[in-house]
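Each remark here refers to the structure printed beneath this line.
The values are calculated or read from the model by the stated rules, or taken from the named source; none is laboratory data. Please read these numbers as outputs of a predicted model, since none were measured by experiment. Here the Cβ positions follow ideal geometry from the backbone for every residue, glycine too, while neighbour counts run over all protein chains shown.
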Amino acid sequence: MVCLSYVSIIASSVATDKTSKLGEILIVMVDAKEQLFGKIMSIYLLLGGQMLIYLLFFKIYGESTGSRFLIELFAKTPSWLLVYVVLDTIVAIFISLIWTTEFASYINDESQIPAAIIPVMLLIGTGAVVAIFFNSPVYFSSGISTMRVYINVILVVPPIGSLLFPTLLAEKSVTYWEALLNLVLELLITTAIFRKSVKQYREGMLSKKIGSPMFRAFSMNSREKYK
Amino acid sequence: MLELNSVRKRFKRFAAVENLSFKVKEGEIVSLIGQNGAGKSTTFHMILDFFQPDKGQILWDSQVMDWRFRRKIGYMPEERGLYQKESIKEQLIFFAALHGMKKREAEKILMYWMEKLNVVGKPSDKVESLSKGNAQKIQLIACLMFSPKLLILDEPFSGLDPVNADLLIEAILEAKARGTMIIFSTHNMVNVEKLADYIIMLSHGETVLQGYVDDVYKEFGRLSVEVEGYSDISKLKTLPGIERLNQDNNGPIHIRLQSESDGKLLFNKVTSEGYLPVFNQHYPSLEEIFKYEVEVNR
(Lines give C-alpha, C1' and ligand atoms only; values in the text may rest on other atoms or scores of the structure.)
Protein backbone atom coordinates (compact mmCIF):
# COMPACT_ATOMS: atom_id res chain seq x y z
CA MET A 1 0.00 0.00 0.00
CA VAL A 2 2.89 2.31 0.84
CA CYS A 3 4.41 1.53 -2.56
CA LEU A 4 1.13 2.23 -4.32
CA SER A 5 0.62 5.60 -2.69
CA TYR A 6 4.16 6.69 -3.48
CA VAL A 7 4.21 5.57 -7.10
CA SER A 8 1.31 7.91 -7.86
CA ILE A 9 3.26 10.82 -6.34
CA ILE A 10 6.29 10.20 -8.54
CA ALA A 11 4.12 9.59 -11.62
CA SER A 12 2.44 12.99 -11.07
CA SER A 13 5.81 14.65 -10.60
CA VAL A 14 7.18 13.30 -13.87
CA ALA A 15 3.90 14.11 -15.64
CA THR A 16 4.05 17.73 -14.40
CA ASP A 17 7.59 18.15 -15.73
CA LYS A 18 6.60 16.66 -19.06
CA THR A 19 3.29 18.45 -19.55
CA SER A 20 4.91 21.78 -18.60
CA LYS A 21 7.23 21.13 -21.57
CA LEU A 22 10.14 21.65 -19.19
CA GLY A 23 11.84 18.34 -19.88
CA GLU A 24 14.61 19.68 -22.09
CA ILE A 25 15.35 22.65 -19.83
CA LEU A 26 15.49 20.52 -16.69
CA ILE A 27 17.73 17.92 -18.33
CA VAL A 28 20.18 20.70 -19.24
CA MET A 29 20.23 21.99 -15.67
CA VAL A 30 20.22 18.67 -13.82
CA ASP A 31 21.35 15.35 -15.20
CA ALA A 32 18.64 12.71 -15.63
CA LYS A 33 20.32 10.46 -13.06
CA GLU A 34 20.38 13.23 -10.45
CA GLN A 35 16.77 14.13 -11.21
CA LEU A 36 15.64 10.55 -10.76
CA PHE A 37 17.66 10.15 -7.60
CA GLY A 38 16.32 13.46 -6.26
CA LYS A 39 12.72 12.43 -6.84
CA ILE A 40 13.28 9.04 -5.19
CA MET A 41 15.14 10.50 -2.22
CA SER A 42 12.35 13.00 -1.60
CA ILE A 43 9.89 10.09 -1.50
CA TYR A 44 12.11 8.35 1.09
CA LEU A 45 12.13 11.55 3.14
CA LEU A 46 8.36 11.55 2.95
CA LEU A 47 8.31 7.90 4.05
CA GLY A 48 10.64 8.72 6.94
CA GLY A 49 8.37 11.56 8.00
CA GLN A 50 5.32 9.34 7.75
CA MET A 51 6.93 6.61 9.86
CA LEU A 52 7.96 9.17 12.46
CA ILE A 53 4.38 10.41 12.71
CA TYR A 54 3.11 6.82 13.21
CA LEU A 55 5.68 6.12 15.91
CA LEU A 56 4.88 9.39 17.67
CA PHE A 57 1.18 8.61 17.47
CA PHE A 58 1.67 5.15 19.01
CA LYS A 59 3.96 6.59 21.68
CA ILE A 60 1.48 9.29 22.67
CA TYR A 61 -1.37 6.76 22.48
CA GLY A 62 0.61 4.29 24.61
CA GLU A 63 1.48 6.90 27.21
CA SER A 64 -2.06 8.19 27.49
CA THR A 65 -3.74 4.77 27.61
CA GLY A 66 -0.98 2.72 29.20
CA SER A 67 -0.86 0.43 26.14
CA ARG A 68 2.45 -1.39 25.64
CA PHE A 69 1.63 -2.40 22.05
CA LEU A 70 4.62 -0.76 20.37
CA ILE A 71 7.13 -1.83 23.01
CA GLU A 72 5.93 -5.41 22.88
CA LEU A 73 5.83 -5.44 19.09
CA PHE A 74 9.49 -4.45 18.90
CA ALA A 75 10.48 -6.66 21.84
CA LYS A 76 8.93 -9.76 20.31
CA THR A 77 10.21 -9.15 16.77
CA PRO A 78 13.68 -10.57 16.15
CA SER A 79 16.09 -7.71 15.47
CA TRP A 80 17.37 -9.37 12.29
CA LEU A 81 13.84 -9.55 10.95
CA LEU A 82 13.36 -5.85 11.69
CA VAL A 83 16.58 -4.99 9.86
CA TYR A 84 15.56 -7.17 6.94
CA VAL A 85 12.09 -5.62 6.76
CA VAL A 86 13.57 -2.11 6.64
CA LEU A 87 16.08 -3.06 3.90
CA ASP A 88 13.40 -4.91 2.01
CA THR A 89 10.99 -1.97 2.18
CA ILE A 90 13.68 0.36 0.86
CA VAL A 91 14.31 -1.96 -2.12
CA ALA A 92 10.59 -2.54 -2.79
CA ILE A 93 9.82 1.19 -2.82
CA PHE A 94 12.92 1.95 -4.87
CA ILE A 95 12.04 -0.51 -7.60
CA SER A 96 8.35 0.47 -7.63
CA LEU A 97 9.39 4.09 -8.11
CA ILE A 98 11.90 3.21 -10.84
CA TRP A 99 9.33 1.19 -12.79
CA THR A 100 6.79 4.00 -12.45
CA THR A 101 9.26 6.65 -13.58
CA GLU A 102 10.14 4.60 -16.60
CA PHE A 103 6.48 4.29 -17.59
CA ALA A 104 5.73 7.91 -16.65
CA SER A 105 8.46 9.19 -18.96
CA TYR A 106 6.19 8.20 -21.87
CA ILE A 107 3.40 10.43 -20.57
CA ASN A 108 2.47 13.50 -22.55
CA ASP A 109 -0.77 14.31 -20.85
CA GLU A 110 -1.82 14.28 -17.18
CA SER A 111 -4.79 12.07 -18.05
CA GLN A 112 -2.26 9.32 -18.81
CA ILE A 113 -0.92 9.11 -15.23
CA PRO A 114 -2.91 5.90 -14.51
CA ALA A 115 -1.09 4.24 -17.42
CA ALA A 116 2.18 4.74 -15.58
CA ILE A 117 0.83 3.41 -12.30
CA ILE A 118 -1.11 0.36 -13.54
CA PRO A 119 1.89 -1.83 -14.54
CA VAL A 120 3.41 -1.36 -11.08
CA MET A 121 0.04 -2.07 -9.47
CA LEU A 122 -0.11 -5.31 -11.48
CA LEU A 123 3.33 -6.32 -10.24
CA ILE A 124 2.41 -5.58 -6.65
CA GLY A 125 -0.89 -7.44 -7.18
CA THR A 126 1.03 -10.44 -8.53
CA GLY A 127 3.15 -10.34 -5.40
CA ALA A 128 0.04 -10.41 -3.25
CA VAL A 129 -1.50 -13.35 -5.18
CA VAL A 130 1.74 -15.32 -5.05
CA ALA A 131 1.94 -14.62 -1.33
CA ILE A 132 -1.35 -16.46 -0.86
CA PHE A 133 0.10 -19.54 -2.59
CA PHE A 134 3.43 -19.26 -0.90
CA ASN A 135 2.05 -18.86 2.58
CA SER A 136 -0.53 -21.63 2.28
CA PRO A 137 0.30 -24.65 4.47
CA VAL A 138 0.10 -27.09 1.53
CA TYR A 139 2.65 -25.16 -0.54
CA PHE A 140 5.77 -26.59 1.09
CA SER A 141 4.31 -30.01 1.82
CA SER A 142 2.71 -30.60 -1.61
CA GLY A 143 4.61 -31.82 -4.59
CA ILE A 144 3.34 -29.22 -7.08
CA SER A 145 6.84 -28.79 -8.41
CA THR A 146 5.97 -26.76 -11.57
CA MET A 147 4.14 -24.16 -9.53
CA ARG A 148 7.00 -24.04 -7.03
CA VAL A 149 9.55 -23.50 -9.76
CA TYR A 150 7.40 -20.77 -11.30
CA ILE A 151 6.98 -19.02 -7.98
CA ASN A 152 10.66 -19.35 -7.12
CA VAL A 153 11.57 -17.74 -10.42
CA ILE A 154 9.21 -14.79 -10.17
CA LEU A 155 10.34 -14.19 -6.61
CA VAL A 156 13.48 -12.69 -8.06
CA VAL A 157 11.44 -10.12 -10.02
CA PRO A 158 11.56 -6.94 -8.02
CA PRO A 159 9.48 -5.99 -6.08
CA ILE A 160 7.59 -9.31 -5.88
CA GLY A 161 10.29 -10.95 -3.77
CA SER A 162 10.53 -7.92 -1.51
CA LEU A 163 6.81 -8.16 -0.84
CA LEU A 164 6.94 -11.83 0.16
CA PHE A 165 10.14 -12.49 2.03
CA PRO A 166 9.37 -10.62 5.26
CA THR A 167 6.34 -12.84 5.91
CA LEU A 168 8.22 -15.97 4.82
CA LEU A 169 11.01 -15.06 7.20
CA ALA A 170 8.58 -14.38 10.03
CA GLU A 171 7.00 -17.80 9.45
CA LYS A 172 10.47 -19.35 9.22
CA SER A 173 9.62 -20.78 5.79
CA VAL A 174 12.95 -19.50 4.50
CA THR A 175 16.30 -18.91 6.18
CA TYR A 176 17.97 -15.52 6.61
CA TRP A 177 20.60 -16.59 4.10
CA GLU A 178 17.94 -17.30 1.47
CA ALA A 179 16.24 -13.96 2.20
CA LEU A 180 19.55 -12.14 2.01
CA LEU A 181 20.43 -13.86 -1.26
CA ASN A 182 17.08 -12.78 -2.69
CA LEU A 183 17.68 -9.22 -1.54
CA VAL A 184 21.11 -9.16 -3.20
CA LEU A 185 19.67 -10.59 -6.41
CA GLU A 186 16.87 -8.02 -6.42
CA LEU A 187 19.38 -5.25 -5.77
CA LEU A 188 21.46 -6.37 -8.75
CA ILE A 189 18.41 -6.49 -11.01
CA THR A 190 17.24 -3.14 -9.64
CA THR A 191 20.62 -1.56 -10.41
CA ALA A 192 20.44 -2.80 -13.99
CA ILE A 193 16.87 -1.52 -14.35
CA PHE A 194 17.87 1.83 -12.82
CA ARG A 195 20.63 2.30 -15.40
CA LYS A 196 18.21 1.56 -18.22
CA SER A 197 15.59 3.81 -16.63
CA VAL A 198 17.95 6.80 -16.55
CA LYS A 199 18.41 6.46 -20.31
CA GLN A 200 14.69 5.98 -20.86
CA TYR A 201 13.87 8.93 -18.56
CA ARG A 202 16.28 11.17 -20.47
CA GLU A 203 14.84 10.15 -23.83
CA GLY A 204 11.29 10.37 -22.53
CA MET A 205 11.83 13.91 -21.26
CA LEU A 206 13.09 14.96 -24.68
CA SER A 207 10.44 13.16 -26.69
CA LYS A 208 7.36 14.96 -27.91
CA LYS A 209 5.71 11.87 -29.31
CA ILE A 210 3.73 9.09 -27.73
CA GLY A 211 5.25 5.89 -28.99
CA SER A 212 3.17 3.35 -27.17
CA PRO A 213 -0.39 2.56 -28.29
CA MET A 214 -1.17 1.74 -24.64
CA PHE A 215 -0.51 5.36 -23.65
CA ARG A 216 -2.58 6.65 -26.54
CA ALA A 217 -5.46 4.53 -25.38
CA PHE A 218 -5.33 6.12 -21.96
CA SER A 219 -5.96 9.61 -23.20
CA MET A 220 -8.80 10.87 -25.35
CA ASN A 221 -6.88 14.08 -26.05
CA SER A 222 -3.89 12.22 -27.29
CA ARG A 223 -6.01 9.83 -29.27
CA GLU A 224 -7.54 12.81 -31.05
CA LYS A 225 -4.16 14.47 -31.46
CA TYR A 226 -2.50 11.47 -33.03
CA LYS A 227 -5.35 10.29 -35.24
CA MET B 1 35.64 27.98 -27.41
CA LEU B 2 33.13 25.43 -28.65
CA GLU B 3 34.19 23.32 -31.57
CA LEU B 4 32.32 20.80 -33.71
CA ASN B 5 34.55 18.63 -35.86
CA SER B 6 33.01 16.60 -38.71
CA VAL B 7 29.98 15.71 -36.64
CA ARG B 8 27.50 13.19 -37.98
CA LYS B 9 24.24 11.91 -36.53
CA ARG B 10 21.93 9.41 -38.12
CA PHE B 11 18.63 8.06 -36.87
CA LYS B 12 18.37 4.63 -38.47
CA ARG B 13 18.79 5.46 -42.17
CA PHE B 14 17.82 9.11 -41.83
CA ALA B 15 20.84 11.43 -41.88
CA ALA B 16 19.97 14.20 -39.41
CA VAL B 17 23.39 15.88 -39.50
CA GLU B 18 26.24 15.11 -41.90
CA ASN B 19 29.84 16.24 -41.55
CA LEU B 20 29.11 19.46 -39.65
CA SER B 21 32.07 21.54 -38.49
CA PHE B 22 32.16 25.00 -36.94
CA LYS B 23 33.61 26.96 -34.03
CA VAL B 24 32.09 29.46 -31.65
CA LYS B 25 34.46 31.81 -29.89
CA GLU B 26 33.77 33.88 -26.77
CA GLY B 27 31.59 36.88 -27.63
CA GLU B 28 30.60 35.47 -31.01
CA ILE B 29 27.13 34.75 -32.39
CA VAL B 30 26.60 31.83 -34.73
CA SER B 31 23.31 31.31 -36.50
CA LEU B 32 22.04 27.99 -37.77
CA ILE B 33 19.70 28.53 -40.68
CA GLY B 34 17.62 25.87 -42.33
CA GLN B 35 14.15 24.63 -43.07
CA ASN B 36 12.28 22.33 -40.71
CA GLY B 37 14.13 19.03 -40.47
CA ALA B 38 17.43 20.55 -41.60
CA GLY B 39 19.22 19.29 -38.47
CA LYS B 40 19.31 22.44 -36.32
CA SER B 41 17.68 20.99 -33.21
CA THR B 42 19.66 17.74 -33.58
CA THR B 43 22.85 19.82 -33.58
CA PHE B 44 21.73 21.57 -30.41
CA HIS B 45 20.85 18.27 -28.77
CA MET B 46 24.31 16.91 -29.54
CA ILE B 47 25.99 20.00 -28.12
CA LEU B 48 23.84 19.58 -25.01
CA ASP B 49 24.99 15.95 -24.78
CA PHE B 50 21.42 14.64 -24.96
CA PHE B 51 22.89 12.13 -27.36
CA GLN B 52 26.31 11.48 -28.85
CA PRO B 53 27.34 12.07 -32.45
CA ASP B 54 27.86 8.87 -34.46
CA LYS B 55 31.05 10.35 -35.83
CA GLY B 56 33.16 13.42 -35.09
CA GLN B 57 33.75 15.32 -31.90
CA ILE B 58 32.28 18.18 -29.94
CA LEU B 59 34.90 19.98 -27.86
CA TRP B 60 34.63 22.69 -25.24
CA ASP B 61 38.01 24.36 -24.68
CA SER B 62 39.63 21.28 -26.28
CA GLN B 63 37.87 18.87 -23.89
CA VAL B 64 35.27 16.41 -25.11
CA MET B 65 31.79 17.76 -24.34
CA ASP B 66 29.88 15.90 -21.66
CA TRP B 67 27.10 16.55 -19.17
CA ARG B 68 29.46 18.39 -16.76
CA PHE B 69 29.57 21.35 -19.15
CA ARG B 70 25.79 21.59 -19.33
CA ARG B 71 25.53 23.79 -16.26
CA LYS B 72 27.46 26.47 -18.11
CA ILE B 73 24.84 26.45 -20.86
CA GLY B 74 21.70 28.55 -21.08
CA TYR B 75 19.23 26.77 -23.32
CA MET B 76 15.92 27.93 -24.71
CA PRO B 77 14.30 25.03 -26.57
CA GLU B 78 11.95 25.43 -29.50
CA GLU B 79 9.13 24.03 -27.42
CA ARG B 80 8.66 26.61 -24.69
CA GLY B 81 7.55 25.55 -21.27
CA LEU B 82 7.24 26.80 -17.72
CA TYR B 83 5.34 25.65 -14.63
CA GLN B 84 2.04 27.41 -15.31
CA LYS B 85 0.77 27.42 -11.71
CA GLU B 86 3.92 28.91 -10.20
CA SER B 87 4.89 32.55 -9.95
CA ILE B 88 7.65 34.04 -12.11
CA LYS B 89 9.78 34.64 -9.03
CA GLU B 90 9.41 31.16 -7.50
CA GLN B 91 10.18 29.52 -10.78
CA LEU B 92 13.19 31.56 -11.78
CA ILE B 93 14.69 31.40 -8.31
CA PHE B 94 14.34 27.60 -8.50
CA PHE B 95 16.14 27.56 -11.87
CA ALA B 96 18.82 29.93 -10.53
CA ALA B 97 19.31 27.68 -7.49
CA LEU B 98 19.89 24.73 -9.82
CA HIS B 99 22.80 26.76 -11.18
CA GLY B 100 24.10 27.43 -7.68
CA MET B 101 22.89 31.02 -7.36
CA LYS B 102 21.84 32.52 -4.03
CA LYS B 103 18.23 33.68 -3.66
CA ARG B 104 19.02 37.36 -3.05
CA GLU B 105 21.38 37.54 -6.01
CA ALA B 106 18.80 35.79 -8.23
CA GLU B 107 16.04 38.21 -7.17
CA LYS B 108 18.22 41.20 -8.04
CA ILE B 109 19.11 39.84 -11.48
CA LEU B 110 15.52 38.84 -12.15
CA MET B 111 14.37 42.42 -11.54
CA TYR B 112 17.12 43.74 -13.82
CA TRP B 113 16.12 41.51 -16.73
CA MET B 114 12.38 41.96 -16.25
CA GLU B 115 12.89 45.69 -16.53
CA LYS B 116 15.34 45.39 -19.42
CA LEU B 117 13.02 43.14 -21.42
CA ASN B 118 9.96 45.19 -20.48
CA VAL B 119 8.07 42.21 -19.07
CA VAL B 120 4.49 43.23 -18.33
CA GLY B 121 3.66 41.94 -14.87
CA LYS B 122 5.07 41.53 -11.38
CA PRO B 123 7.49 38.83 -10.20
CA SER B 124 4.68 37.47 -8.02
CA ASP B 125 2.39 36.92 -11.05
CA LYS B 126 1.68 33.35 -12.04
CA VAL B 127 3.07 32.25 -15.40
CA GLU B 128 -0.40 31.26 -16.62
CA SER B 129 -1.43 34.93 -16.45
CA LEU B 130 1.33 36.02 -18.85
CA SER B 131 0.94 36.58 -22.57
CA LYS B 132 2.86 34.29 -24.90
CA GLY B 133 5.46 36.98 -25.62
CA ASN B 134 6.00 37.74 -21.94
CA ALA B 135 6.29 34.03 -21.08
CA GLN B 136 8.90 33.77 -23.81
CA LYS B 137 10.83 36.65 -22.26
CA ILE B 138 10.69 34.92 -18.86
CA GLN B 139 12.15 31.83 -20.44
CA LEU B 140 14.97 33.88 -21.92
CA ILE B 141 15.61 35.39 -18.48
CA ALA B 142 15.86 31.84 -17.09
CA CYS B 143 18.67 31.24 -19.59
CA LEU B 144 20.45 34.55 -19.02
CA MET B 145 20.24 35.14 -15.29
CA PHE B 146 23.12 32.84 -14.32
CA SER B 147 25.47 34.42 -16.93
CA PRO B 148 25.99 31.29 -19.05
CA LYS B 149 29.20 30.72 -20.96
CA LEU B 150 27.22 29.34 -23.88
CA LEU B 151 23.72 30.38 -24.89
CA ILE B 152 21.72 28.14 -27.20
CA LEU B 153 18.48 29.59 -28.51
CA ASP B 154 16.25 27.42 -30.69
CA GLU B 155 13.93 29.67 -32.73
CA PRO B 156 13.99 32.48 -30.13
CA PHE B 157 11.97 34.92 -32.23
CA SER B 158 9.07 32.68 -33.17
CA GLY B 159 5.79 34.21 -32.04
CA LEU B 160 7.30 37.57 -31.09
CA ASP B 161 6.14 40.89 -32.52
CA PRO B 162 8.84 43.19 -33.99
CA VAL B 163 9.04 45.38 -30.86
CA ASN B 164 9.60 42.39 -28.56
CA ALA B 165 11.96 40.80 -31.09
CA ASP B 166 14.10 43.96 -30.88
CA LEU B 167 14.13 43.73 -27.07
CA LEU B 168 15.28 40.13 -27.39
CA ILE B 169 18.02 41.18 -29.81
CA GLU B 170 19.22 43.81 -27.32
CA ALA B 171 19.38 41.19 -24.56
CA ILE B 172 21.30 38.77 -26.78
CA LEU B 173 23.75 41.50 -27.76
CA GLU B 174 24.29 42.33 -24.09
CA ALA B 175 25.15 38.68 -23.42
CA LYS B 176 27.52 38.76 -26.39
CA ALA B 177 29.24 41.88 -25.01
CA ARG B 178 29.85 39.94 -21.78
CA GLY B 179 31.71 37.28 -23.75
CA THR B 180 28.97 34.64 -23.97
CA MET B 181 29.19 32.26 -26.91
CA ILE B 182 25.80 32.28 -28.62
CA ILE B 183 24.23 29.88 -31.10
CA PHE B 184 20.71 30.44 -32.35
CA SER B 185 18.46 29.06 -35.02
CA THR B 186 15.80 30.99 -36.85
CA HIS B 187 13.79 31.24 -40.04
CA ASN B 188 13.80 35.02 -39.86
CA MET B 189 16.76 36.24 -41.91
CA VAL B 190 16.27 39.87 -40.86
CA ASN B 191 17.21 38.89 -37.30
CA VAL B 192 20.18 36.86 -38.56
CA GLU B 193 21.44 39.97 -40.36
CA LYS B 194 21.04 41.99 -37.16
CA LEU B 195 22.75 39.48 -34.89
CA ALA B 196 24.94 36.84 -36.48
CA ASP B 197 28.70 37.02 -36.95
CA TYR B 198 28.86 33.60 -38.55
CA ILE B 199 26.16 31.64 -40.35
CA ILE B 200 25.67 27.99 -41.20
CA MET B 201 22.97 27.02 -43.67
CA LEU B 202 21.75 23.47 -43.36
CA SER B 203 19.61 21.51 -45.77
CA HIS B 204 18.56 17.93 -44.99
CA GLY B 205 21.45 17.62 -42.56
CA GLU B 206 24.08 18.81 -45.05
CA THR B 207 25.95 22.09 -44.66
CA VAL B 208 25.24 24.01 -47.87
CA LEU B 209 26.89 27.26 -46.90
CA GLN B 210 28.88 28.57 -43.97
CA GLY B 211 31.11 31.50 -43.15
CA TYR B 212 31.31 34.95 -41.59
CA VAL B 213 28.36 37.04 -42.75
CA ASP B 214 30.53 39.63 -44.54
CA ASP B 215 32.44 36.88 -46.36
CA VAL B 216 29.20 35.19 -47.44
CA TYR B 217 27.94 38.48 -48.89
CA LYS B 218 31.22 39.04 -50.73
CA GLU B 219 31.14 35.50 -52.05
CA PHE B 220 27.83 36.28 -53.73
CA GLY B 221 28.87 39.79 -54.82
CA ARG B 222 26.71 42.88 -55.45
CA LEU B 223 24.56 41.16 -58.00
CA SER B 224 21.18 42.47 -56.89
CA VAL B 225 19.85 45.79 -58.18
CA GLU B 226 16.72 47.70 -57.30
CA VAL B 227 15.55 50.41 -59.63
CA GLU B 228 12.70 52.80 -58.92
CA GLY B 229 11.19 55.34 -61.24
CA TYR B 230 11.99 53.53 -64.48
CA SER B 231 8.91 52.47 -66.36
CA ASP B 232 10.01 50.61 -69.51
CA ILE B 233 11.04 47.23 -68.22
CA SER B 234 11.09 45.71 -71.74
CA LYS B 235 14.16 47.84 -72.65
CA LEU B 236 16.10 46.34 -69.75
CA LYS B 237 15.31 42.78 -70.75
CA THR B 238 17.43 43.11 -73.87
CA LEU B 239 20.49 44.43 -72.02
CA PRO B 240 23.49 42.08 -71.72
CA GLY B 241 24.46 40.85 -68.24
CA ILE B 242 20.90 40.64 -66.92
CA GLU B 243 20.24 37.21 -65.43
CA ARG B 244 16.64 37.86 -64.46
CA LEU B 245 14.35 40.73 -63.59
CA ASN B 246 10.85 41.29 -62.27
CA GLN B 247 8.63 44.10 -61.16
CA ASP B 248 5.92 44.10 -58.49
CA ASN B 249 2.79 46.02 -59.51
CA ASN B 250 4.62 48.94 -61.20
CA GLY B 251 6.80 49.26 -58.10
CA PRO B 252 10.55 48.77 -57.91
CA ILE B 253 12.27 46.61 -60.51
CA HIS B 254 14.35 43.79 -59.02
CA ILE B 255 17.27 42.73 -61.21
CA ARG B 256 19.84 40.02 -60.81
CA LEU B 257 23.10 40.62 -62.67
CA GLN B 258 25.46 38.04 -64.07
CA SER B 259 28.48 39.92 -62.69
CA GLU B 260 29.10 43.01 -60.56
CA SER B 261 30.58 44.95 -63.51
CA ASP B 262 27.31 44.63 -65.43
CA GLY B 263 25.88 47.11 -62.95
CA LYS B 264 27.71 49.98 -64.61
CA LEU B 265 26.13 49.25 -68.00
CA LEU B 266 22.71 49.03 -66.40
CA PHE B 267 23.27 52.28 -64.48
CA ASN B 268 24.27 54.14 -67.65
CA LYS B 269 21.23 52.81 -69.47
CA VAL B 270 18.61 53.74 -66.88
CA THR B 271 20.08 57.14 -66.03
CA SER B 272 20.49 58.14 -69.68
CA GLU B 273 16.77 58.78 -69.88
CA GLY B 274 16.58 61.27 -67.09
CA TYR B 275 16.11 61.51 -63.33
CA LEU B 276 15.99 58.27 -61.35
CA PRO B 277 15.17 58.43 -57.61
CA VAL B 278 16.59 54.98 -56.72
CA PHE B 279 19.36 52.83 -58.16
CA ASN B 280 20.64 50.44 -55.54
CA GLN B 281 23.20 47.78 -56.43
CA HIS B 282 23.65 45.66 -53.34
CA TYR B 283 24.60 42.28 -51.93
CA PRO B 284 21.75 39.78 -51.95
CA SER B 285 19.91 39.55 -48.67
CA LEU B 286 20.45 36.45 -46.55
CA GLU B 287 16.90 35.47 -47.42
CA GLU B 288 17.76 35.55 -51.12
CA ILE B 289 20.95 33.58 -50.48
CA PHE B 290 19.04 31.06 -48.39
CA LYS B 291 16.37 30.58 -51.07
CA TYR B 292 19.06 30.28 -53.72
CA GLU B 293 20.99 27.64 -51.74
CA VAL B 294 17.84 25.65 -50.99
CA GLU B 295 16.95 25.70 -54.70
CA VAL B 296 20.46 24.66 -55.79
CA ASN B 297 20.68 21.84 -53.25
CA ARG B 298 17.18 20.48 -53.80
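Listed by first and then second residue, the pairs with beta-carbon distance under 7 Å, at least 6 apart or on different chains, first residue in the stretch A:72-88 and closer than 14 Å to residue A:172 by Cα, second of a type in the set (Phe, Trp, Tyr) and surrounded by 11 or more Cβ atoms within 10 Å (Cβ to Cβ), are A:80/A:176.
Of all residues in the stretch B:254-273, count the ones that are among the acidic types (Asp, Glu) and either part of a helix (DSSP H, G or I) or at positive phi (or both).
Quick first cut of the stretch B:254-273, residues among the acidic types (Asp, Glu) only: B:260, B:262, B:273.
Those still in the list that are either part of a helix (DSSP H, G or I) or at positive phi (or both) too: B:262.
Matching residues across the stretch B:254-273 total 1.
Evaluating residue B:276 against the criteria (1) touching a strand residue (DSSP E or B) at 6+ places or on another chain (Cβ under 6 Å); (2) in contact (Cβ under 8 Å) with a residue 40 or more places away in the chain; (3) surrounded by 12 or more Cβ atoms within 10 Å (Cβ to Cβ); (4) not in a helix (DSSP H, G or I) leaves one unmet condition, (1).
Of the residues that make up the stretch A:175-183, is at least one more than 23 Å from residue A:93 (Cβ to Cβ) and modelled with pLDDT of 65 or more? Step through it out loud before you land on a result.
Kept after step one, since they are more than 23 Å from residue A:93 (Cβ to Cβ), are these residues of the stretch A:175-183: A:175, A:177.
Restricting the remaining residues to those that are modelled with pLDDT of 65 or more gives A:175, A:177.
Yes, some residue in the stretch A:175-183 is more than 23 Å from residue A:93 (Cβ to Cβ) and modelled with pLDDT of 65 or more.
Taken over the stretch B:279-297, the criterion of being in a helix (DSSP H, G or I) and either of a type outside the set (Phe, Trp, Tyr) or at positive phi (or both) is satisfied by B:286, B:287, B:288, B:289, B:291, B:293, B:294, B:295, B:296. In the set (1) more than 10 Å from chain A (Cβ to nearest Cβ); (2) not in a strand (DSSP E or B), residue B:59 fails one condition alone, (2). Of all residues in the stretch B:1-49, those that are in a strand (DSSP E or B), farther than 19 Å from residue B:208 by Cβ and under 20 Å from the mean Cα position of the chain (by Cα) total 4. Taken together, B:158, B:131 contain a single residue that is in contact (Cβ under 8 Å) with a residue 24 or more places away in the chain, of a type in the set (S, T, N, Q) and either surrounded by fewer than 19 Cβ atoms within 10 Å (Cβ to Cβ) or outside the structural domain of residue B:74 (by TED's automatic domain parsing) (or both), which is B:158.
Residues that are among the charged types (D, E, K, R) and either part of a helix (DSSP H, G or I) or at the interface with chain B (Cβ under 9 Å from one of its Cβ atoms) (or both) within the stretch A:41-69 comprise A:59, A:63, listed in sequence order.
Yes/no per residue for (1) under 22 Å from residue B:96 (Cα atoms); (2) part of a helix (DSSP H, G or I); (3) modelled with pLDDT of 90 or more:
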| site | (1), (2), (3) |
| --- | --- |
| B:133 | yes, yes, no |
| B:157 | no, no, no |
| B:160 | no, no, no |
| B:168 | yes, yes, yes |
| B:176 | yes, yes, yes |
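Just the residues that are facing chain A (nearest Cβ under 10 Å) and either small (Gly, Ala, Ser) or within 22 Å of residue B:40 (Cα to Cα) (or both), please, taken from the stretch B:73-95.
Restricting attention to the stretch B:73-95, the residues satisfying the condition of being facing chain A (nearest Cβ under 10 Å) are B:73-86, B:91, B:94-95.
Answer for the stretch B:73-95, where residues must be facing chain A (nearest Cβ under 10 Å) and either small (Gly, Ala, Ser) or within 22 Å of residue B:40 (Cα to Cα) (or both): B:73, B:74, B:75, B:76, B:77, B:78, B:79, B:80, B:81.
Residues of the stretch A:144-162 that are of a type in the set (A, V, I, L, M) and at pLDDT 75 or above: A:160 alone. Can you find a residue in the stretch A:23-40 that is basic (Lys, Arg), farther than 20 Å from residue A:204 by Cβ, in contact with a helix residue (DSSP H, G or I) (Cβ under 8 Å, 6 or more places away or on another chain) and assigned to a helix (DSSP H, G or I)? The answer is no; no qualifying residue exists. The test for being touching a Leu at 6+ places or on another chain (Cβ under 8 Å), farther than 22 Å from residue B:22 by Cβ and modelled with pLDDT under 90 does not hold for residue B:193.
Which one is nearest to residue B:288 (Cα to Cα) among residues in the stretch B:27-50 that are exposed (fewer than 15 other Cβ atoms within 10 Å of the Cβ) and touching a strand residue (DSSP E or B) at 6+ places or on another chain (Cβ under 9 Å)? Looking at residues that are exposed (fewer than 15 other Cβ atoms within 10 Å of the Cβ) and touching a strand residue (DSSP E or B) at 6+ places or on another chain (Cβ under 9 Å), I get B:35.
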